[in-house]
Amino acid sequence: MRIACRARWIGGTLGFWCLALPFMAGPLPAGEGEAAWQKVDTEEQLLKDTHQIMTPGLFDRGAVTKVAFPVDGTPVEIKLPHEGVGADGKPRPPLQGALRQRAIWLDLDGDKKPGAKEISAIGPDGDAGPFAYAASYADGASGIYTFKLQATRVAGEFLIVRLCARVARPTKKNAVVLIDDDGNGLYNDVGRDAILVDTQPVSYLGRQMYLGEQLFELVVHPSGTTIELRPMAHYQAGRVNLFKEYTYPQKAENLRIHTVIAQGTDASFGFSPQQPTRDLPVGAYDLVFALFERATERVYMLKGDKTSFSVDANKEVTVKWGGPIRANFTATAAGPEISLSPPSFVGVAGESYFPSDYRKIPFYGYLNVYQKDRRGNLSDRTENKATDKFPYDANGELKPLVFEYRRNDELQLAIEYRSGILGPVRGERRLSHNPR
């Protein structure tokens, strides 16, 4: 049996009534007319650090807003909301900032003069801030947006990383946390921003969300100061189990899987070993993100070529993913120099795994030479000629590993990573080497 609930706002309170339905049944039929949209205001919540709420944007940085500061100290625009007019009746100017002498200046008050609270030195980890900016929006809303700037491997380039969230409480028992995960000062970017509802695993923001067992339609205002929601009616659902066919790369104590996100057209939903199943509206989905943690090591996962699946009404669907993990890399030669690229780690569904910081666990490369038998023919035996660790940058991202070898030989290039999450992973490539 499955308990299906309907909800309706009555006198400012979200009330529920439930019926026991057969397994996989959809929501109860709508009553007379649709439920009205309910507006709920949010409150700002400052975060102690960026990882207080771990979201996809902290690891997959492709969609995070970037700022490119000229090295000569020229001010540039910081792309954060500045709609409307100021106290002087004039349009609000965009936020400006500059990189000067290993420090960041942001003109937070718009007077074009550096103030004590507008300057932050760049720390050894490449971070500057926090900064508190009075953002304003086209609908007249405004709010303080707190963030820091984090250096990338590109000179003068920084990411805008959120240090705040917006919290809505539709009922006394429910909390909806909105996170501007792409760092543009807007909270309504479907598929890019993040949402955390009660004790559910974090997921990308969508147009639907669960409160308890009830599915709601959701609208988030750009400023994040208000959300609108109403119980969703007239939909069909199927059950998704994301851990029935998941294979752990290795059995590890204290492994935590924070979230596994299934993303569809209208919504994303988070899963975990503690919440492995969920009823989702019918449609096409993809396994787009997962986050693993063990001790000081973190690994995140992005979708592959076999991670998509469809949800059909009143049926259960599973996805085969996980181990064993294989390592892919390229080996190229230019004269005596042989370069091994940073690897990619791939699971059985083609999903890609990325250690968040290679400084935690050393990553090794090997240069081996194939040996010849008594007749001068190449055998499968190899002799190691060089071993070294892959170098990494200030953010813990790998750089290519370069060996120098000056003899004509048939080489085996190998890489090895002994992860507490992915397990021992090894990859090999063969290269006919002629240094001339």
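Within the range 399-413, the residues that satisfy the criterion of being in contact with a Ser or Thr (Cβ under 9 Å, 6 or more places away or on another chain) and part of a strand (DSSP E or B) are 401, 402, 403, 409, 410, 411, 412. Among the residues examined, residue 238 does not qualify as closer than 21 Å to residue 195 by Cβ, touching a Lys or Arg at 6+ places or on another chain (Cβ under 6 Å) and crowded, with 16+ Cβ neighbours inside 10 Å.
Evaluating residue 251 against the criteria (1) in contact with a His (Cβ under 8 Å, 6 or more places away or on another chain); (2) free of Cβ contacts under 8 Å to residues at least 12 places away in the same chain; (3) not aliphatic (A, V, I, L, M) leaves one unmet condition, (1). Regarding residue 148, is this residue among the basic types (Lys, Arg) and crowded, with 19+ Cβ neighbours inside 10 Å? Considered against the rule, which asks whether it is among the basic types (Lys, Arg) and crowded, with 19+ Cβ neighbours inside 10 Å, residue 148 comes out as yes. Within the range 365-398, the set of residues being among the small types (Gly, Ala, Ser), exposed (fewer than 13 other Cβ atoms within 10 Å of the Cβ) and within 25 Å of residue 152 (Cα to Cα) comprises 394 only. The criterion of being touching a His at 6+ places or on another chain (Cβ under 9 Å) and not assigned by TED's automatic domain parsing to the domain that holds residue 134 holds for residue 272. For the range 160-172, what are the residues that are surrounded by fewer than 21 Cβ atoms within 10 Å (Cβ to Cβ) and either in contact with a strand residue (DSSP E or B) (Cβ under 7 Å, 6 or more places away or on another chain) or touching a residue at least 24 places away in the same chain (Cβ under 8 Å) (or both)? Residues satisfying the conditions are 163, 164, 167, 169, 170, 171.
Cβ-Cβ distances below 8 Å connect the following pairs, each with a first residue in the range 36-53 that is assigned to a strand (DSSP E or B), a second residue that is surrounded by fewer than 14 Cβ atoms within 10 Å (Cβ to Cβ) and not basic (Lys, Arg), and a separation of six or more residues or different chains: 44/144.
Please go through the range 320-347 and give me each residue that is of a type in the set (Ser, Thr, Tyr) and closer than 29 Å to residue 241 by Cβ, ordered by number. 344, the sole residue that qualifies. Being more than 40 Å from the chain's Cα centre (by Cα), outside the structural domain of residue 247 (by TED's automatic domain parsing) and farther than 24 Å from residue 251 by Cβ is the requirement here; does residue 381 meet it? Yes, satisfied. For residue 316, the conditions (1) among the acidic types (Asp, Glu); (2) touching a Ser or Thr at 6+ places or on another chain (Cβ under 9 Å); (3) not assigned by TED's automatic domain parsing to the domain that holds residue 281 all hold with the exception of (3). Which ones in the range 241-252 are in a strand (DSSP E or B) and crowded, with 20+ Cβ neighbours inside 10 Å? Within the range 241-252, just 246 meets the criteria. Every test in (1) modelled with pLDDT of 95 or more; (2) more than 20 Å from residue 272 (Cβ to Cβ); (3) surrounded by 15 or more Cβ atoms within 10 Å (Cβ to Cβ) is passed by residue 321 save one, and that test is (2). So residue 92 clears everything in (1) closer than 25 Å to residue 223 by Cβ; (2) in contact (Cβ under 8 Å) with a residue 60 or more places away in the chain; (3) over 24 Å from the mean Cα position of the chain (by Cα) except one condition, right? Which one? Every listed condition holds for residue 92 apart from (2).
The values are calculated or read from the model by the stated rules, or taken from the named source; none is laboratory data. Just so it is clear, the model here is predicted, and its values are computed rather than measured. Cβ atoms come from the backbone with ideal geometry, glycine included; neighbour counts cover every protein chain shown.
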